[in-house]
Amino acid sequence: MIELVTQNMAPIMFASLVVFLLLGYPVAFSLAANGLLFGLVGIELGLFRPDFLNALPERVFGVMSNETLLAVPFFTFMGLILERSGMAEDLLDTIGQLFGRIRGGLGYAVIFVGALLAATTGVVAASVISMGLISLPIMMRYGYDRRVASGVIAASGTLAQIIPPSLVLIIMADQLGRSVGDMYEGAFLPGLMLAGLYALYIFIVSTLFPKSAPGLPEEAIGFREDNGRRGMTSLAILTLASAAFGWAAISGALARLVMPVAPGFAAAIAPPTMSGADFIVLTMFFGVVFAFAVALVNQATARLFGLRFLSKIAEQVTFVMVPPLFLIFLVLGTIFIGVATPTEGGAMGAVGALVLALLKRRLTFDLTKQAVRATAKLSAFAVFILIGARVFSLTFYGVNGHVWVEHLLTSLPGGEVGFLIFVNLLVFVLAFFLDYFELAFIIIPLLAPVADKLGIDLVWFGVILAVNMQTSFMHPPFGFALFFLRSVAPKHPYHDRLTGQLTAPITTAQIYWGAVPFVIIQLVAVGLVILFPQLVMHYKGSAPAVDPKTIEIQIAPPETPPALDLR
């Protein structure tokens with residue numbers, strides 16, 4: 001019996017952890033207790049010496065001194081401040097008006113704003129609660145199917161899980177031993193692709209079932225011109241001009257244009273060679289600067305001379321879009337171009353969120369205190385789980401658990417493809433019971449060495465798992481995004497604030513069924529990232545790859561010194 005336990009200590013240890021978690025014990029304490037308990041058992045069975053556990057204090061100190069994890073409280077604090085700054089309300093109101101007449105327009109607006117909030121807050125709870133409070137009553141007022149409305153709000157909120165600056169990507173990079181900047185850049189395009197898939201689903205639903213996602217009635221549309229027109233042509237021209245200016249600034253066309261008249265200025269604005277996510281973010285930044293300058297000039301001419309060349313909707317969209325897009329550059333742009341580390345980018349984002357809340361006159365002592373308290377709770381939660389995971393992994397490695405996992409996964413049929421399929425199925429099932437912090441701290445350290453041995457790029461592997469782990473927020477019945485939405489969705493019939501009509505509540509079953517199509521979409525996104533690795537691998541840039549096997553080092557033999565004549 002003792003020999004059987006000794007030979008199978010690793011699987012017994014892992015199974016015991018699963019039992020503790022299913023019994024409902026806190027994850028951090030389950031990990032630490034299992035590590036210490038089986039550490040004592042391993043000493044008694046002679047699997048390792050007692051001084052093996054002397055490495056434990058150093059591991060815990062390594063967690064506390066990890067500078068990468070400093071980005072977690074910064075981004076959390078930024079998201080909580082932005083949630084209360086009124087930015088989400090302005091975005092949803094304006095973008096809702098922009099898409100309102102289109103069938104399914106409010107759904108598109110929620111997805112668009114969800115992606116913007118994801119790229120500024122990085123916190124799922126903030127996005128889901130904000131959009132649930134603001135857009136859900138409007139969607140119910142104008143006859144949206146409750147399953148469609150609740151599903152699109154919950155799913156759009158989870159974009160904060162994959163679109164940088166995502167907290168899970170910070171944890172993933174730390175566990176994989178890769179750069180947070182590389183992980184952010186690799187996840188940028190898959191995040192945008194996922195938002196596009198959500199929009200495609202709304203398009204299909206609104207086309208096949210028009211009553212499920214109707215457009216807004218004529219009387220609900222605001223920001224009209226004096227002649228009654230919407231002014232969309234003006235917005236389209238401004239958008240195209242801003243995109244062209246941003247592209248010209250980044251591609252070097254602007255520098256070449258001013259070279260004959262101002263060569264010094266042209267040399268100063270000549271951009272470095274870039275591609276992928278950094279090109280998109282910086283192009284967007286220069287386009288926003290151009291649009292903001294045009295809107296300011298339009299506002300000045302209207303006040304001084306009564307002359308406007310932009311429509312009301314174009315001016316409103318510009319002023320509403322500037323704060324989140326500027327924050328995106330402040331955080332992601334500075335990271336992508338190498339000006340700031342992720343921790344420094346998070347600090348700048350937190351300061352930017354405070355300034356934005358101050359400009360909107362929303363920054364109060366109570367708001368700041370609540371944000372600091374919630375940030376401390378989430379950060380302590382993550383650090384305690386990580387410390388528990390360090391205790392567990394020390395003993396697990398001591399009983400050769402990593403060897404057991406490696407043999408188990410490398411013996412799967414199909415090689416790299418079989419490994420990816422098995423791992424994604426495993427993570428998808430575990431996501432029913434564990435959230436992304438727990439998955440990242442428990443599962444990733446076991447899978448990463450095997451993936452590395454199989455020659456899988458760990459940034460690509462991390463993004464695949466991050467998209468998969470996103471389903472942990474949407475899984476009925478334990479998805480946290482569904483819980484967040486349930487907390488703000490009406491549970492009882494109520495009278496609509498605008499129309500006064502009695503409105504039926506949203507049931508929990510409707511929220512769950514609304515989430516199912518988006519879970520399927522997320523799994524489709526996992527498959528697309530696996531099939532098209534370049535969606536992630538662009539983070540390596542356009543530099544030509546060098547195969548180490550083709551490198552030849554030739555060392556010339558030293559010349560023979562002339563014979564010394566001793567005569």
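Write down the accessible area per residue of the stretch 15-121 in Å², having rolled a 1.4 Å probe over the full set of protein chains.
Numbers: 4730 Å² over 107 residues.
With the other protein chains kept in place, the stretch 15-121 gives 44 Å² per residue.
In what order, largest first, do S393, S179 sit by accessible area if the probe radius is 1.4 Å?
Values: S393 20, S179 55 Å².
Descending accessible area places them as S179, S393.
Of the heavy-atom accessible surface of the chain (probe 1.4 angstrom), what whole percent is carbon and sulfur?
Numbers: 18300 of 26940 Å².
Roughly 68 percent of what the probe reaches on the chain is carbon or sulfur.
What is the chain's relative contact order, in percent, from Cα pairs under 8 angstrom and six or more apart in sequence? Write out the running numbers ahead of the final one.
Working: 813 pairs, mean separation 134.8, N = 567.
Here the relative contact order equals 24 percent.
With a 1.4 Å probe and all protein chains in place, put T233, T499 in order of accessible area, largest first. Write down the numbers at each step before the final one.
Values: T233 100, T499 75 Å².
So the residues, ranked largest to smallest area, are T233, T499.
Tell me the Kirkwood hydrodynamic radius of the chain in angstroms, computed as one over the mean inverse distance between distinct C-alpha pairs.
Working: mean 1/r = 0.0383 Å⁻¹.
Hydrodynamic radius (Kirkwood, Cα only) of the chain equals 26.1 Å.
Per-residue HN-Hα couplings for the stretch 97-106, Karplus 6.51 cos²θ - 1.76 cosθ + 1.60 at θ = phi - 60°, whole Hz, x for Gly and Pro?
5, 5, 9, x, 6, 6, 4, x, x, 5
Please work out how much accessible surface H402 shows to a 1.4 Å probe, ignoring ligands, DNA and RNA, in Å² rounded to 10.
Answer for H402: close to 60 Å² accessible.
Hey, can you grab everything whose amide H is under 5 Å from the amide H of T503? Only 5+ residues off in sequence or another chain; H modelled, so Pro and N-termini drop out.
Residues meeting the amide H criterion: Y494, H495, D496.
Could you put Y144, Y25 in order of accessible surface area, largest first, with the 1.4 Å probe and the full protein assembly present?
Working: Y144 5, Y25 125 Å².
Order by accessible area, largest first: Y25, Y144.
On a 0 to 90 degree scale, rounded to 10, what angle separates helix 124-141 from the longest Cα axis of the chain?
Rounded to the nearest ten degrees, it is 30.
What order, most packed first, do the peptides 242-251, 346-355 have when packing is the mean number of other Cβ atoms within 10 Å of each residue?
On the way: 242-251: 18.4, 346-355: 21.4.
Final packing ranking: 346-355, 242-251.
Projected onto the charge dipole of the chain (+1 at Lys/Arg Cβ, -1 at Asp/Glu Cβ, origin at the Cα centre), which of G39, F309, I337 gives the Cα projection farthest towards the positive end?
Value computed over the given set: F309.
Which value, in debye to the nearest 20, describes the size of the charge dipole of the chain about its Cα centre when Lys and Arg Cβ atoms bear +1, Asp and Glu Cβ atoms bear -1, and nothing else is charged?
Working: 31 positive and 32 negative charges, 396 e Å.
Using Cβ point charges on Lys, Arg, Asp and Glu, the chain gives about 1900 debye.
Compute the angle between helix 27-44 and the longest alpha-carbon principal axis of the chain, please, reported from 0 to 90 degrees and rounded to the nearest 10.
0
If packing is taken as the average number of other Cβ atoms within 10 Å across a peptide's residues, how do 326-334, 13-21, 224-232 rank, most packed first?
Values: 326-334: 22.9, 13-21: 16.3, 224-232: 12.1.
The peptides rank, most packed first, as 326-334, 13-21, 224-232.
Rounding to the nearest 10 and keeping the result within 0 to 90°, find how far the Cα-based axis of helix 180-208 lies from the longest principal axis of the chain.
50
At 1.4 Å probe size, what's the solvent-accessible area of K369? Round to the nearest 10 Å².
Roll a 1.4 Å probe over it and K369 shows about 90 Å².
Determine ³J(HN,Hα), in whole Hz, for all residues of the stretch 221-228 in sequence, where each value follows from phi through the Karplus function 6.51 cos²θ - 1.76 cosθ + 1.60 and θ = phi - 60°; x replaces Gly and Pro.
With coefficients 6.51, -1.76 and 1.60, one gets 8, x, 6, 9, 7, 4, 8, x Hz.
Among 34-42, 448-456, how do they line up by average Cβ neighbours within 10 Å per residue, starting with the highest? Mind dumping the intermediate values first?
Values: 34-42: 19.4, 448-456: 16.3.
Descending mean neighbour count gives 34-42, 448-456.
Enumerate the aspartates and glutamates that K540 could reach by cross-link, defined here as Cα to Cα under 15 Å, with residues fewer than 8 away along the same chain left out.
Hits, sequence-local ones excluded: D182, E185, D278, D457.
Apply the Karplus parameterisation 6.51 cos²θ - 1.76 cosθ + 1.60, with θ equal to phi minus 60°, to every residue of the stretch 349-360 and state each ³J(HN,Hα) to the nearest whole Hz, in sequence, with x for glycine and proline.
After applying 6.51 cos²θ - 1.76 cosθ + 1.60, I find x, 5, 5, x, 5, 5, 5, 4, 5, 5, 5, 8 Hz.
Going toward the positive end of the dipole of the chain, with +1 on Lys and Arg Cβ and -1 on Asp and Glu Cβ, which of G228, F245, L430 do you reach last?
Going by the Cα projections, it comes out as G228.
Suppose only helical runs count, i.e. DSSP H with n ≥ 4. What mean residue ellipticity at 222 nm does that imply for the chain under -39500 (n - 2.57) per run, divided by all residues and rounded to the nearest 500 deg cm²/dmol?
Numbers: 26 runs with 382 residues, N = 567.
Theoretical 222 nm ellipticity from helices: -22000 deg cm²/dmol.
The values are calculated or read from the model by the stated rules, or taken from the named source; none is laboratory data. Computed from a prediction, not measured in an experiment: that's the story for all the values here. In this analysis, Cβ positions are derived from the backbone assuming ideal geometry, glycine residues included, and neighbour counts consider all displayed protein chains. Heavy atoms of the whole protein, side chains included, go into the accessibility calculation; ligands, DNA and RNA do not. Shrake-Rupley method; radii C 1.70, N 1.55, O 1.52, S 1.80 Å.
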